[in-house]
1. Which order do peptides 268-274, 314-320 fall in by mean Cβ count within 10 Å, highest first?
2. Taking 7 Å along the Cα-to-C-beta vector as the label spot, tell me the T263-L74 distance in nanometres, rounded to one decimal.
3. Just the number, please: carbon plus sulfur as a percent of the accessible area of the chain, 1.4 Å probe, no ligands or DNA/RNA counted.
4. Would you list the membrane-span-like helices of the chain, meaning whole DSSP H runs whose alpha-carbon atoms span at least 20 Å along their axis and whose mean Kyte-Doolittle value is at least -0.5?
5. Using the per-residue mean of other Cβ atoms lying within 10 Å as a proxy for protection, in what order, highest first, do the peptides 213-221, 190-198 fall?
6. Quick one: check the C-alpha center-to-center distance for segment 353-395 versus segment 30-56, whole angstrom.
7. Take the eigenvalues of the Cα gyration tensor for the chain, scale each by 5, and report the square roots as semi-axes in whole Å, largest first.
8. For the chain, with every protein chain kept in place, what is the accessible area per residue (1.4 Å probe, Å²)?
Amino acid sequence: MAKIMAVNAGSSSLKFQLLDMPSETLITSGIVERIGMKDSVFTVKLNGQKIEEIIDIDNHAVAVKMLLDKLIDLNIIASFEEIEGVGHRVVHGADKLTKSCVVGEEEIAILESIIDLAPLHNGPNLVGIKAFQEILPKIKQVAVFDTAFHHTMPEESFMYAVPYDWYERYQVRKYGFHGTSHQFVSLRTAELLGKKPEECNVIVCHIGNGASICAVKKGESVDTSMGFTPLEGIPMGTRSGNVDPALVEYMMAKKNKSAKEITNYLNKQSGYLGVSGLSSDSRDLVDASLKGNHRAQLAIDVQAKRIADYIASYYVYMEGADAIVFTAGIGENAAPTRENIIKRLKVLGVEIDPERNNCRGVERLISTDDSKIKVFVVPTNEEVMIARDTLRLTH
Ligand code: AMP
């Protein structure tokens with residue numbers, strides 16, 4: 001038995017789970033928010049109980065020290081050495097870090113060299129790794145990349161039809177994200193199908209505030225909807241997903257804004273929020289649409305159509321699919337949205353069972369017994385996937 005910590009560091013936050021491995025049981029979880037600001041919030045959840053403290057935390061290293069001291073105070077660990085490995089979610093590994101790895105000096109240098117591919121995420125992820133290295137110098141730090149699972153995509157899937165030297169000189173290509181989730185969910189789906197991962201084709205719909213679809217053929221990602229950045233693909237809470245790229249120049253002229261500002265609109269003011277003018281939160285849109293709000297329904301329909309388009313295209317690309325799976329906040333919880341999507345795929349012989357679909361946050365088959373493709377809800381668990389890789393690489 002080993003205690004492994006799974007960490008997700010943001011610019012001012014640090015989320016963690018302590019897991020007992022290989023049993024994959026959660027020991028405790030928590031989050032430190034507002035790091036580097038006044039009145040930081042430190043929350044630990046233990047046996048369903050929430051312990052919260054408000055205190056100034058100057059930086060991530062202070063947060064890590066405080067967190068570990070707290071675990072000792074709470075008798076969760078007797079000493080820091082009891083933690084046998086720390087796994088970090090890192091958003092972008094680019095072409096250079098294509099699978100989970102123990103982070104040493106060389107890996108730090110590579111991560112620093114690719115920060116500009118994902119400045120909002122990789123920078124903070126790296127700060128998190130360095131903070132743990134400082135406080136736990138003897139314990140191995142492992143990086144688990146959101147992009148890694150998609151490294152198996154064939155050239156024809158990841159290549160954009162742009163001048164080739166953009167790819168060669170500037171690493172412009174599709175990378176894909178949410179890989180840890182797509183991998184966890186597709187592995188679990190194979191188990192539910194009673195097959196080995198290499199014996200089945202699965203289409204994973206990770207639909208949360210961020211959303212992406214993945215074609216998993218015989219256990220490997222062969223295409224996914226997010227691209228060079230998480231902006232590509234289906235509409236999300238605040239992201240537009242695919243638009244005509246010429247729109248950027250047109251809107252720059254109309255609004256007298258820079259390319260950066262227009263891209264910001266596409267990332268932060270579009271999707272559910274942009275179309276509905278109401279909210280980026282799916283719950284608000286589902287509620288409003290039930291009350292007859294046209295634009296709330298339209299925002300849901302625009303997304304559902306595009307998701308169905310991707311599923312159909314991946315079905316063709318993989319020459320069939322054994323299962324379509326829903327995961328993440330909306331995929332796991334929003335039954336009407338799942339029904340909206342699956343109804344559009346009737347022509348593939350897939351059929352949802354409304355009664356089975358009437359569920360939230362549980363693992364379940366939601367298609368009819370006659371459906372040609374099985375449809376499941378599988379709650380995602382990126383932390384378990386991170387802990388599995390961390391255990392493997394540290395033991
Ligand atoms: P995530 O990014 O995976 O945490 O997902 C966040 C999204 O899940 C938000 O849009 C939430 O509104 C949505 N969500 C969570 N619970 C529900 C629910 N019961 N019904 C509809 N959407 C939900």
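The values are calculated or read from the model by the stated rules, or taken from the named source; none is laboratory data. Treat the numbers as computed from the prediction; the structure is a model and nothing was measured. Heads up, the Cβs are rebuilt from the backbone with ideal geometry, glycines too, and the neighbour counts pull from every protein chain shown. These area figures cover heavy atoms from the full protein model, side chains too; ligands, DNA and RNA do not enter into them. Shrake-Rupley method; radii C 1.70, N 1.55, O 1.52, S 1.80 Å.
1. Result, highest mean first: 268-274, 314-320.
2. Those two pseudo-labels are separated by 3.9 nm.
3. 51 percent
4. Qualifying helices, which must be both long enough and hydrophobic enough, are 119-135, 179-193, 294-317.
5. 213-221, 190-198
6. Result: 30 Å between the Cα centres.
7. Working: eigenvalues 223, 130, 104 Å².
Ellipsoid half-lengths, sorted descending, are 33, 26, 23 Å.
8. 47 Å²
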